[in-house]
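Quick notes on the structure that follows.
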Amino acid sequence: MSVLLRLKTNAHVFTWALVTLLLSTVLEAGPRLVKIKGTYTGVIQVQTLDPKTFAPRTESAPRVVTNEIQYRELVARIPQKEISMTAGAGPSKDPLLSSVVVDFKKDMMVVLVSGESMYDTPEMPEVVQESSRIVVKLQNSPRKGHMMAQPVGLGAYRAIVISKSDFPIGFE
């Protein structure tokens with residue numbers, strides 16, 4: 001009888017220690033890095049026409065792409081030909097125009113656009129998951145020397161693919 005009592009007591013102590021350890025690990029864990037599954041950069045049209053007034057507007061807000069329709073809308077803004085100051089520019093080598101496949105059942109794409117220059121690609125050095133949201137860390141890219149003019153209405157983009165989440169996405 002005393003052996004059974006000791007075993008039950010030891011089991012309770014072990015269970016209590018395990019629960020305490022797990023809770024302290026969860027509470028102290030803090031933000032964790034989110035794996036970036038793919039990164040893509042290129043040139044994108046940032047100036048579009050407002051569908052109601054036909055006035056030009058510049059789009060440079062971060063965008064979260066969660067389905068195929070939004071992805072096609074994004075890709076439609078990428079120039080089909082290389083940006084060149086000479087005649088006869090070849091087809092664009094942009095990675096999103098080729099065979100990039102995103103499974104929107106499992107993944108989503110976060111896109112940053114720089115409307116200031118097609119030479120300065122926005123940076124997203126890391127993505128972390130906090131207790132109630134996902135935070136995309138932003139960093140200004142170093143300004144590259146612009147030696148030539150660029151077409152009006154073009155900017156640079158950076159797109160990353162991460163696992164889909166129901167958490168809201170914030171930017172810092």
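I want the local charge near ILE78. Using Cβ-Cβ distances under 12 Å, sum +1 for each Lys or Arg and -1 for each Asp or Glu among the other residues.
+1
Within the shell defined by Cβ-Cβ distances under 14 Å, the residues around ILE160 carry a net charge of +3, with Lys and Arg each +1 and Asp and Glu each -1. Sorting ASP103, ASP166 by accessible area puts them as ASP166, ASP103; the probe is 1.4 Å, largest comes first, and only protein heavy atoms count.
The heavy atoms of VAL43 present about 30 square angstrom of accessible area, all protein chains included, probe 1.4 Å.
The values are calculated or read from the model by the stated rules, or taken from the named source; none is laboratory data. Not measured: the values here are computed from a predicted model. In this analysis, Cβ positions are derived from the backbone assuming ideal geometry, glycine residues included, and neighbour counts consider all displayed protein chains. In case anyone asks, the SASA skips ligands and DNA or RNA and just uses the protein heavy atoms, side chains included. Shrake-Rupley method; radii C 1.70, N 1.55, O 1.52, S 1.80 Å.
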